[in-house]
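Structure first, then comments.
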Ligand SMILES: Cc1cc2nc3c(=O)[nH]c(=O)nc-3n(C[C@H](O)[C@H](O)[C@H](O)COP(=O)(O)O)c2cc1C
């Protein structure tokens with residue numbers, strides 16, 4: 001099972017990116033989590049450009065999404081909204097449909113971004129993604145610049161992430177058995 005991790009932050013010391021990097025190292029047997037690093041390289045979405053052939057960065061983004069068995073997001077809130085670079089990436093796949101029926105869970109670094117988290121869930125729902133709420137994990141990271149290693153070696157945080165990953169795998173497996 002290959003899971004694509006998408007951090008909504010471009011910041012070098014991003015807490016949300018650290019959470020996904022920690023999730024990648026905590027993934028159970030049979031699951032691999034890799035991070036999408038192309039958010040900043042996508043062109044601004046413009047429906048006039050949403051034609052064949054798509055820009056190369058968009059082709060890459062769509063193909064990574066298409067081949068993923070599921071997607072994990074970790075996203076900060078900016079001005080009560082989803083960071084623009086992430087929304088831009090999502091706009092590129094509204095028409096092409098890579099999120100249709102895609103299992104999705106949220107591993108956010110902080111509970112403070114309630115507006116962004118709700119808006120992201122709404123956008124993915126309207127794009128027909130399959131949200132798996134029982135796999136969601138929201139940490140309360142207060143330490144600035146925390147590294148993935150520090151999260152991985154913290155018993156409470158790594159336990160919560162492991163539980164979320166196992167929940168994701170369970171739901172993913174039961175869904176594929178029933179289809
Ligand atoms: C431009 C900007 C706007 C922000 N707006 C909010 C906000 O509306 N609500 C909130 O809870 N935090 C807000 N924050 C704080 C970030 O969500 C917080 O610092 C988060 O940890 C950043 O995630 P990262 O470490 O993954 O980059 C804002 C930060 C920035 C830079």
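Which of the residues that make up the stretch 1-22 are near the ligand (Cβ under 9 Å from one of its atoms), in a strand (DSSP E or B) and surrounded by fewer than 21 Cβ atoms within 10 Å (Cβ to Cβ)?
none
Return yes when residue 33 is outside any helix (DSSP H, G or I), without any contact (Cβ under 8 Å) to a residue 24 or more places away in the chain and either more than 16 Å from the ligand (Cβ to nearest atom) or surrounded by 23 or more Cβ atoms within 10 Å (Cβ to Cβ) (or both) and no when it is not. Even if it seems obvious, please write down each step before you answer.
Details: outside any helix (DSSP H, G or I): yes; without any contact (Cβ under 8 Å) to a residue 24 or more places away in the chain: no; either more than 16 Å from the ligand (Cβ to nearest atom) or surrounded by 23 or more Cβ atoms within 10 Å (Cβ to Cβ) (or both): yes.
No: the conditions fail for residue 33.
Residues of the stretch 59-70 being surrounded by fewer than 23 Cβ atoms within 10 Å (Cβ to Cβ) and either touching a residue at least 40 places away in the same chain (Cβ under 8 Å) or within 16 Å of the ligand (Cβ to nearest atom) (or both), which ones? Show your work before the answer.
So in the stretch 59-70, the residues surrounded by fewer than 23 Cβ atoms within 10 Å (Cβ to Cβ) come out as 59-60, 62-69.
Listed by number, the residues that qualify are 64, 65, 67, 68, 69.
Values quoted throughout were computed directly from the atomic coordinates according to the rules given, and no laboratory measurement underlies them. Worth saying up front: this structure is predicted, and the values here are computed from it rather than measured. Positions of Cβ are backbone-derived with ideal geometry, glycine not excepted, and every protein chain shown enters the neighbour counts.
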